[in-house]
Amino acid sequence: METEKLSLPLLPLRDIVVFPYMVIPLFVGRDKSIRALERAMAEQKNIFLVAQRNPNTNDPVPADIYETGTLANILQILKLTDGTMKVLVEGLQRGRIHSFADSPRPNDFFEVEIIKIVENSVVTPDSKALMRSIGSLFEQYVKLNQKIPLEAVSATANIVEPDRYADTIASYMVFKTAEKQDLLETYSPADRLTKLLGILKSELEILKIEKRVHGRVRKQMERSQKEFYLNEQIKAIQKELGKRDEFKTDIDELSQRIKKAKMPKDVHEKAAKELKRLEMMQPMSAEATVVRNYVEWLADLPWKKDPAGDNMRIADAQKILDEDHYGLEKVKDRIVEHLAVMKLTKKIKGPILCLVGPPGVGKTSLGKSIARATGRKFVRVSLGGVRDEAEIRGHRRTYIGALPGKIIQYMKKAATVNPVFMLDEIDKMSTDFRGDPSSALLEVLDPEQNANFNDHYLEVDYDLSQVLFIATANVLHTIPQPLLDRMEVIRLPGYTDLEKLAIAEKFLVPKKLEEHGLPKNNVSFSKNAVKKIIHEYTREAGVRNLEREFASVCRKVARAVVDTGRKTVVEVIPGSLKKYLGPAKFKKGPDEFKEENGVANGLAWTEFGGEILSIEVITTPGKGQLSLTGKLGDVMKESAQAAMSYVRSRGRDLGLSKDFYQKLDFHIHIPEGAIPKDGPSAGITIACALVSALTQYPVRKDLAMTGEVTLTGKVLQIGGLKEKMLAAHRAKIREIILPTENEQDIPEIPANIRKSMKFYPVKSMDEVIHHAFVHRFHLGQKKRARVETEDKLRKKRMGKIPSATTHFN
């Protein structure tokens, strides 16, 4: 209810609302406000206090000031040294601005005409209930809010007037200025109590949430403080023992190595976690040693690619391959093609190269050349004899002395994420109860999987996708098919005699002279001497034994130089080889082969290259038994039985008696009996040897043959033709019988060998006998006509494959 009007000076307030019955100190610094106080002190010490709408306004106008405020009495005033004034005021009664006095002079205070608000103080049951609820909530509020003194509860407990009760509690509470101004402008005590109850409930809920949050934070802080305190005690004890400083240095060093390693996020988190565990352990404990080794492995592995790692120029790659290896043109072309694809795609994803060939042809050195050509580091791991899966994937850390597998070990040795990684002798791995290492390699050599290779020791994924893997093998049949399927096979056949001669002159002789400290003016090898060493002292697909023979000569020359002085000059010629190397080891050629009954020259493929096999057959009186000797495999035994059945079926055409096989025993022997032999390609050779033994006609000594025979006399395709032709060329055999289906393989044979040899492609065993026995047998009119017709058809072919009487040009 409004009463009389009153004219008073106005004091605008920032961020504060003064309620009736509230005693509060105010700090006044604005000039207008100070003059308003001075005017009030000069009169009745009354002043009107009103809050500003915007506390940031420094010079408010009437529109910036709320209409409702509080009539207050100035109890005390004190002028401070900085010019501001501290004034203690007491709120008396609500008031509302009726009007502002005439526009004040500049820099003068506001004077307003106010209307006093008289409130209804009657206590009703509703107001009483509201007051009781507010009192209960206010007590809880004070307990939770440490900013309000506990005396506030007792100070409000004795107030019975609803209006004064609401104003007093509102003055103690901490909430927004706008909400307090709303309470001040609520003239009805009952409505004011209702609003106050709602504000109290809201603030009490917020305080409870804050208390829960503070409780959780306090517990965490207490736990952290406890751990810190205990750690400090441990450090102090260890410092007294003289061990902690050194251990702390190691921990700091490991931490720096982890940061410099630039690991992936998940690996870095794992390393940091293990390092923290290590820091909490006793330095001399067994577990600390295990954890330290693990963290060191993680820190030492290469994780980030070196920007200077790939320096690949195709022209340089070709030049390096030519410098390091003579011949092998097809192989080198395939490697350069692979490098070209890598350069264009900027990645290695694709088949893994597998170099297959006899020993000594340069498989390992090719890998080193590829590393040189690409500007990468080269690492080689030998898989020969590996039979434990843990050798590839590593052991779990639960085992004593556990280590990562060979893949991770050699990646650490390479110190880069993109080396050329050679898996040497991949065909020599085996399997036992400890696992299958070839199965573990399936993930390593699969471009779709090796980006996340997981070693049992590391227990984190390691990226192998940038590694250029190159495998080497002597044979393919011992490599599991799933593993072989992941690799692109590149075959390295043996060297021809001309290639060996060039390799010896360009590489081997200079290398051995340098190794034995012999200058070129002390010793020289004539070309004929080198040829004789190749032909008569070595018989191999590669050049490893040839290198040993040169080393043997150089050792004897070195001794002569030491004995007679540095001026000694030695020329190695064919006649002096016996002095240095002893008698010739190999003299097998067409002059050494004799035309004997029951003997035929076959061609065989071994993991060391091609070989000449002389198959021998003798017949003795008996009952038709067939004996096989020479350590033959099951497939070769079956080929001998098939050849025997064919000869029996053709006995009449060969001029044999009808029951010849019932009166004779047959013994088939393949010399060098200690060496295991197997495969079907000796079928036609065994059949020819049987025909020779039965008819007493010898097979031509300057002829060798290869091919599988069936019961009906068909000649089937065989493998390893190139290596077999090289073996025949080394043995100076110049005429070859081979299956017609292998004509497509003849262009793979080096040109100089093709030109020096004559080939007889055949489809049937009748044709083989026709060529092997120089037309001694007439196998019937129809058979002979068919053979002659096929010869004429082959002669009409235009130079692709030679006929039986045509040389390659």
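In nm, to one decimal, how far is the modelled label at residue 78 from the one at residue 269, with both set 7 Å along Cα→Cβ?
Label at residue 78, label at residue 269, 5.9 nm between them.
Suppose R0 equals 51 Å. What FRET efficiency, 1/(1 + (r/R0)^6) with r the Cβ-Cβ distance, do residue 23 and residue 223 give to the nearest 0.05? Numbers along the way, then the final one.
On the way: r = 45 Å, r/R0 = 0.89.
Result of the calculation: an efficiency of 0.65.
According to the square roots a ≥ b ≥ c of the eigenvalues of the Cα gyration tensor, what is the shape class of the stretch 141-190, taking rounded for a/c under 1.5, prolate for a/b larger than b/c otherwise, and oblate for the remainder?
Numbers: a/c = 3.32, a/b = 1.23, b/c = 2.71.
Here the stretch 141-190 falls in the oblate category.
Could you order the peptides 395-404, 56-65 from most to least packed, using the average number of other C-beta atoms within 10 Å per residue?
Ranked from most to least packed, the peptides come out as 395-404, 56-65.
Angle between the Cα long axis of helix 363-374 and the longest principal axis of the chain, 0 to 90 degrees, nearest 10?
Approximately 40 degrees, to the nearest 10.
How far apart, in nanometres, would the label points at residue 412 and residue 552 be if each is projected 7 angstrom from Cα along the Cα-to-Cβ direction?
About 4.4 nm, to one decimal.
Under the rule of at least 5 residues apart or a separate chain, name every residue whose amide H is placed under 5 Å from the amide H of residue 469.
When sequence neighbours closer than 5 places are left aside, the close amide H contacts are 421.
When the Cα centres of the stretch 455-533 and the stretch 693-716 are compared, how far apart do they sit, in Å?
What the calculation gives is 36 Å, centre to centre.
What accessible area per residue comes out for the chain, rounded to a whole number of Å², with a 1.4 Å probe?
About 51 Å² of surface per residue is accessible.
Given the Cα-Cα distance of residue 185 and residue 128 and 0.36 nm per residue of separation, how much length would full extension add, in nm?
18.4 nm
Between residue 322 and residue 662, how high is the FRET efficiency from 1/(1 + (r/R0)^6) when r is the Cβ-Cβ distance and R₀ = 45 Å? Nearest 0.05. Please report the intermediate quantities before stating the final value.
Details: r = 64 Å, r/R0 = 1.42.
Given R0 = 45 Å and the Cβ-Cβ separation, E is 0.10.
Arrange the peptides 42-48, 462-468, 422-428 so that the one whose residues have, on average, the most other Cβ atoms within 10 Å appears first.
Ranking the peptides 42-48, 462-468, 422-428 by packing returns 422-428, 462-468, 42-48.
Students often get this wrong, so check it: of 531/732; 260/413; 428/512; 512/732, which have C-alpha atoms separated by over 20 Å?
Checking Cα-Cα distances, 428/512; 512/732 exceed 20 Å.
Take the Cα pairs of the chain, get the Kirkwood Rh, then feed it into Stokes-Einstein at 25 °C and 0.890 mPa s and tell me D in µm²/s.
65
Mean residue ellipticity at 222 nm from the helices of the chain, using -39,500 (n - 2.57) per DSSP H segment of n ≥ 4 over the full residue count, to the nearest 500 deg cm²/dmol?
Details: 28 runs with 344 residues, N = 809.
My calculation for the chain gives -13500 deg cm²/dmol from helical runs alone.
Take residue 696 and residue 195, extend 7 Å from each Cα along the Cα→Cβ direction, and tell me the distance between the two endpoints in nm.
Roughly 14.1 nm, to one decimal.
Taking 0.36 nm per intervening residue step and subtracting the Cα-Cα distance, what contour gain separates residue 433 from residue 711 on full extension?
Going from the current span to full extension adds 95.8 nm.
Would you list 303, 605 from the most to the least accessible area, probe 1.4 Å?
Result of the area sort, largest leading: 605, 303.
FRET efficiency for residue 304 and residue 136, Cβ-Cβ distance as r, R0 = 56 Å, nearest 0.05? Working shown, then result.
On the way: r = 66 Å, r/R0 = 1.18.
With R0 = 56 Å, the Cβ-Cβ based efficiency is 0.25.
Using 0.36 nm per residue of separation minus the Cα-Cα distance, give me the extension gain between residue 488 and residue 597 in nm, one decimal. Mind dumping the intermediate values first?
On the way: separation 109, 0.36 × 109 = 39.24 nm, distance 4.57 nm.
Taking 0.36 nm per residue and subtracting the Cα distance, the gain is 34.7 nm.
Name all residues of the stretch 6-36 having a backbone nitrogen under 17 Å from the label point set 7 Å from the Cα of residue 100 along its Cα→Cβ direction, giving them as ranges.
7-14, 31-36
Please sort 735-748, 283-296 by packing, taking for each peptide the average over its residues of neighbouring beta carbons within 10 angstrom, highest first.
735-748, 283-296
Of all the accessible heavy-atom surface of the chain, with the other protein chains kept in place and a 1.4 Å probe, what percent is carbon and sulfur?
Answer for the chain is 51 percent, counting heavy atoms of protein chains only.
The values are calculated or read from the model by the stated rules, or taken from the named source; none is laboratory data. Since we're looking at a predicted model, the values are computed, not measured. Methodologically, a virtual Cβ is constructed for each residue, glycine included, from the backbone with ideal geometry; neighbour enumeration extends over all protein chains shown. Keep in mind that these areas ignore ligands, DNA and RNA; they rest on the heavy atoms of the full protein, side chains included. Shrake-Rupley method; radii C 1.70, N 1.55, O 1.52, S 1.80 Å.
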